[in-house]
Amino acid sequence: MMQQGKAAQAYDEIERLIVFQELAPGSLVSEAVLMEKTGLGRTPVREALQQLARNRLVEIHPNKGVLVPLASVEAQLRMLELRRVLESLAVQLACPAATDTERKAMQDMVGLLEADQFTLRQYLETVKETHLMIVAASHNEYLADAMAPLQGLSRRFWITHVRDEQVEISQGSELHASILRSVLERDAEKAEKASHALNDYLVEFAYRTVRPRIGSV
């Protein structure tokens with residue numbers, strides 16, 4: 001049990017290093033470096049890396065190191081196709097299933113999102129917590145397992161390409177708050193539309209990252 005807890009901690013820490021580009025895309029790092037950065041031992045770091053590799057956040061190359069792969073627009077768009085379906089399911093399940101305790105946490109999060117006073121790091125941590133709330137409220141552990149890697153990949157792509165931080169944070173905050181408000185109203189149809197609106201924004205954001213290159217050709 002203790003080891004599982006440390007492996008989960010290692011996963012969260014390494015994922016955070018990747019998402020915030022403290023481990024740069026395309027870089028090759030060793031287990032020893034990751035042990036130093038996380039403050040955790042070889043076994044939990046190794047277990048975390050195996051899970052991160054399954055979730056496509058790293059590639060393990062024996063005798064060479066751990067590669068942080070580049071985030072391509074094509075891969076992001078394919079991932080968003082799946083995320084659209086799973087996130088829609090999550091909010092539909094959460095509408096009737098969310099407990100009073102979960103609903104109180106969501107209400108508090110809506111207030112935080114509406115205040116819209118975030119640094120880039122605070123915003124991404126808040127977004128991560130928002131999605132964890134929704135998935136937890138769905139009360140489907142299989143859905144939780146499926147959604148976790150998609151969220152990490154999505155956050156990583158977004159922070160890699162964000163330019164006007166405050167504009168994007170304000171838009172994202174409202175889209176996430178809209179999903180939570182719909183779940184709190186127990187309106188499954190409205191919640192699904194809100195989740196689709198967030199996905200549409202992320203797809204459009206992905207396309208925006210390549211338009212300057214297309215225009216310069």
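Compared with the direct C-alpha span, the chain from Val73 to Leu86 gains 2.7 nm at full extension, assuming 0.36 nm per residue. Orientation-averaged projection of the range 58-128 equals 7.7 nm² [convex hull of Cα atoms, one quarter of hull surface area].
This model, with +1 at the C-beta of Lys and Arg and -1 at the C-beta of Asp and Glu, gives the chain a dipole about its Cα centre of some 640 debye. According to the calculation over all Cα-Cα pairs in the range 1-125, the P(r) per 10 Å bin from zero is 11, 30, 32, 23, 4, 0 %. Lysine pair count for the chain with Cα-Cα distance under 27 Å and sequence separation of 8 or more or different chains is 10.
Exactly which trypsin sites (Lys or Arg not before Pro) in the range 140-217 are in a DSSP loop and have at most 14 other Cβ atoms within 10 Å? Write out the running numbers ahead of the final one.
On the way: sites: Arg155, Arg156, Arg163, Arg181, Arg186, Lys190, Lys193, Arg208, Arg213; in loops: Arg163, Arg186.
Here the sparse-neighbourhood loop sites are Arg163, Arg186.
Extension gain for Ala197-Gln171 works out to 8.3 nm (0.36 nm per residue, less the C-alpha to C-alpha distance).
Relative contact order of the chain: what whole-number percent is it, with Cα pairs under 8 angstrom and at least 6 residues apart?
Relative CO of the chain lands at 26 percent.
So between Glu36 and His161, what do we pick up on full extension, going 0.36 nm a residue minus the alpha carbon distance? Present the calculation step by step, with values, prior to reporting the outcome.
Values: separation 125, 0.36 × 125 = 45.00 nm, distance 2.79 nm.
Computed gain between Glu36 and His161 is 42.2 nm.
None of the figures in this text is laboratory data; all of them are computed from the coordinates on show. Please read all numbers here as calculations on a predicted model, not as lab measurements. Quick reminder, even Gly has a Cβ in these numbers, built from the backbone with ideal geometry, and neighbours come from all protein chains shown.
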